[in-house]
Amino acid sequence: MLKANARAVYSKNGSFESAVIERRDLQPDDVLIEIQYAGICHSDIHTARGEWGEVQYPLVPGHEIAGIVVEVGSQVTKFKVGDRVGVGCMVDSCGECENCRNGEEQYCLQGNIGTYASVDRYGQYTQGGYSTHIVVREDFVVRIPDALGLDVAAPLLCAGITTYSPLRHWGVGPGKRVAVVGFGGLGHMAVKLAHAMGAEVTVLSQSLKKREDGLRLGADHYYATSDPETFQKLAGTFDLIVNTVSAKIDINAYMSLLKTDGTLVNVGAPPEPLAVHVFPLILHRRSFAGSAIGGIRETQEMLDFCAEHGVAPEIEVISADQIDEAWERVLASDVRYRFVIDVSTMKQAQ
């Protein structure tokens, strides 16, 4: 078993501690990746703090992983040593159900295997990217184009694909009016991607404090949802609304902003239920939907799209010793707009 240095939490409210974890010996179809950068996602916090259900500790989070292939199994054909690669939110699936066969492994009917806090096909508890190395089946590894730095590529493996997938699925392009609720790690990527696809993009944020950033990063309009006039002015405006907020909001107020046949899709994942009134849906044939990440094929498509169009997240690179501080800043919305851990800073466990 390969030993990797990592940062782990040992309880719901515990701080990060240095740890040494074991990665499985390479199977014939496995790839060993030396992780260079790992993004911090709000999902890491929800999971580690037990907000989405009980988890096993110690836990090493992280599902925005960018690095270099350092070893391959005997039957690997897609990658070679030295390749620049990424791993996102899942590391396996059944491979046999209808969704897996259609390249939608994220919706595996048996349940995909998460990059952390899951049990893999070998009976091992998965540990994530806040670590120096990871072993993953080649079918769940993607290639990072040379035009993307590994540091900015890391958040694309969750924040990028989580917003790209619904934009593609609901046909965003020229002539479409798209609103993005929330302007954080997910929201700023949704704005950049929708703009690159040719849509007219509006940000709906609690305040105007990030307005300058929003317009600079591709938004055509920026409104404060704390102003009641916003909902009156924009009623019946949008073809698609992407809600990136991982907290309880008044979905019905936002539903009123949709055109007939418009869709509000949730990609943020609040732990609390959201109440939805049916009549606003019925009277304008509106839809309230959800969307997860994309499959492996679509994730590769997203990376290639970002490389071609010069789309990359706004990041702040931190050391491994700053993860606790970064998590608190995520909860306080004090990040513009994605923290990325420089994994070289955890080469030596303290």
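The values are calculated or read from the model by the stated rules, or taken from the named source; none is laboratory data. Because the structure is predicted, anything quoted here is derived from the model rather than measured. Cβ sites come from the backbone with ideal geometry, for glycine too, and all protein chains shown count toward neighbours. Protein only, heavy atoms only, side chains kept; ligands, DNA and RNA dropped before computing areas. Shrake-Rupley method; radii C 1.70, N 1.55, O 1.52, S 1.80 Å.
Descriptive notes on the structure:
Quick grid of which residues meet (1) out of contact with any Asp or Glu (no Cβ under 9 Å at 6 or more places or on another chain); (2) in a helix (DSSP H, G or I); (3) modelled with pLDDT of 95 or more; (4) open to solvent by less than 50 Å² (accessible area, probe 1.4 Å):
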{"site": "5", "(1), (2), (3), (4)": "yes, no, yes, yes"}
{"site": "22", "(1), (2), (3), (4)": "yes, no, yes, no"}
{"site": "32", "(1), (2), (3), (4)": "no, no, yes, yes"}
{"site": "37", "(1), (2), (3), (4)": "no, no, yes, no"}
{"site": "46", "(1), (2), (3), (4)": "yes, yes, no, yes"}
{"site": "50", "(1), (2), (3), (4)": "yes, no, no, yes"}
{"site": "63", "(1), (2), (3), (4)": "no, no, yes, yes"}
{"site": "68", "(1), (2), (3), (4)": "no, no, yes, yes"}
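- Helices (runs of 4 or more DSSP H) contained entirely in region 73-173, each with at least 1 residues that are surrounded by fewer than 17 Cβ atoms within 10 Å (Cβ to Cβ) and in contact (Cβ under 8 Å) with a residue 40 or more places away in the chain: 161-169
- Within region 26-55, the residues that satisfy the criterion of being more than 18 Å from residue 330 (Cβ to Cβ) and without any contact (Cβ under 8 Å) to a residue 40 or more places away in the chain are 53, 54.
- First in region 209-223 and on the phi > 0 side of the Ramachandran plot, second anywhere and open to solvent by less than 20 Å² (accessible area, probe 1.4 Å), Cβ under 8 Å, 6 or more apart: 218/191; 218/194; 218/201
- Among the residues making up region 285-311, those that are small (Gly, Ala, Ser) and part of a strand (DSSP E or B) are 287, 289, 290.
- Those residues of region 239-257 which are within 22 Å of residue 184 (Cβ to Cβ) and either touching a helix residue (DSSP H, G or I) at 6+ places or on another chain (Cβ under 9 Å) or of a type in the set (Lys, Arg) (or both), in sequence order: 240, 241, 242, 243, 244, 245, 246, 248, 253, 254, 255, 257
- Answer residue from region 174-194, given it is open to solvent by 10 Å² or more (accessible area, probe 1.4 Å) and in contact (Cβ under 8 Å) with a residue 40 or more places away in the chain and is nearest to residue 318 (Cα to Cα) among those: 185
- Candidates 256, 333 - the one that is of a type in the set (S, T, N, Q) and under 23 Å from residue 209 (Cβ atoms): 333
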